[in-house]
Amino acid sequence: MSTLLKFDNLSNTRDLGGMVSSDGRTIVPGKLIRSGQLYNLTESDIKRLSGLIDTVVDLRTEDERREKPDDVVPGTGYHFIPVVASFSEGVSRAVGSVENMVARLVFNPEGARNHLGSMYRKFVFSDYSLSQYGRFLRILLDDHDRAVLWHCSVGKDRAGTAAVIIEKILGIPDQAIIDDFLKTNDYLKEDLARMIAYAKSKTGSDDPLIEQSMRYLFGTDRSYIEAFFSAVNERFGTFDAFERAGLGLSDSDVKRLREKYLR
């Protein structure tokens, strides 16, 4: 299981270090960190991050980045690699995206669940998204003195999928990957509560369907990662083929990633 790193204003920040691969090796601590956006951080947060990381990878859209720009962390490089090209309901946390999605799906839990599942399939069937995840992995192949931190808005979908990809490449068993993916629900309880309150306020209703829908839209569900793996198999046949044909990794790239991040 990844390790939660506690900050003042940065939730769902996790070090993948310690996760155990199928060959018994573990991911090296302090090298791979996933998180939510680096926005409105405290001085203490920035100071701590400066000692932990040397690279930030921002997976959000341009609209999200404009609305809530990352705070500058001294001593770090910054890479903007949007996983979706533009406005995308359910993945983007840009204001218009959230409002439209809530209005359309707030009383439809099954529709909300299916909608998010379709987003995870699009990560695989979109050549653009695959090329962006490939760029992210290229950064991991570079030499780093400290950790690489990647993030989206709350570290749930785009950053979560990036974590799944690198964990799978490093040989972490599927069940461990899924268990870690679902831990997001524990770490984003406050964020989810805010979204439920927002939806109830916008609709003027206390219908139980609202909470169910919001949990699917703003939490994680096993069906999402299953949809991702299913799409990988549909399009590429195997995850190995996905690494090569989808993400553009060579055998030597995969070997280097395992040498760098496993011990």
The stretch 141-168 residues that are under 12 Å from Ser35 (Cα atoms) and without any contact (Cβ under 8 Å) to a residue 12 or more places away in the chain, paired with ones that are among the aromatic types (Phe, Trp, Tyr) and assigned to a helix (DSSP H, G or I) (beta carbon under 6 Å, 6 or more apart)
none
I need every pair where a residue in the stretch 241-252 that is crowded, with 16+ Cβ neighbours inside 10 Å has its Cβ under 7 Å from the Cβ of a residue that is in a loop (DSSP other than H, G, I, E, B), sequence separation at least 6 or different chains.
Glu243/Leu249
Total residues in the stretch 145-169, condition under 23 Å from Glu259 (Cα atoms) and within 17 Å of the chain's Cα centre (by Cα)
15
So is Asp179 free of Cβ contacts under 8 Å to residues at least 12 places away in the same chain and closer than 23 Å to Leu5 by Cβ or not?
no
Residue in the stretch 92-99 that is farther than 20 Å from Arg14 by Cα, modelled with pLDDT of 95 or more and of a type in the set (Gly, Ala, Ser) present:
no
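Only one of Gly75, Gly117 is loosely packed, with under 14 Cβ neighbours inside 10 Å, modelled with pLDDT of 95 or more and of a type in the set (Gly, Ala, Ser). Can you tell me which?
Gly75
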In the stretch 2-38, the residues that are of a type in the set (A, V, I, L, M, F, W, C), over 18 Å from Ile177 (Cβ atoms), in contact (Cβ under 8 Å) with a residue 40 or more places away in the chain and crowded, with 22+ Cβ neighbours inside 10 Å
Leu38
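Collect the residues in the stretch 208-240 that are among the basic types (Lys, Arg) and either more than 20 Å from Val124 (Cα to Cα) or crowded, with 18+ Cβ neighbours inside 10 Å (or both), keeping them in residue-number order. Break it down stepwise before answering.
Filtering the stretch 208-240 for residues among the basic types (Lys, Arg) gives 215, 222, 235.
Once the filter is applied, which keeps residues that are among the basic types (Lys, Arg) and either more than 20 Å from Val124 (Cα to Cα) or crowded, with 18+ Cβ neighbours inside 10 Å (or both), the stretch 208-240 yields only Arg215.
The values are calculated or read from the model by the stated rules, or taken from the named source; none is laboratory data. Bear in mind that the values here come from a model prediction, so they are computed numbers and not experimental data. Reconstructed Cβ throughout: ideal geometry from the backbone, glycine too, with neighbour counts over all protein chains shown.
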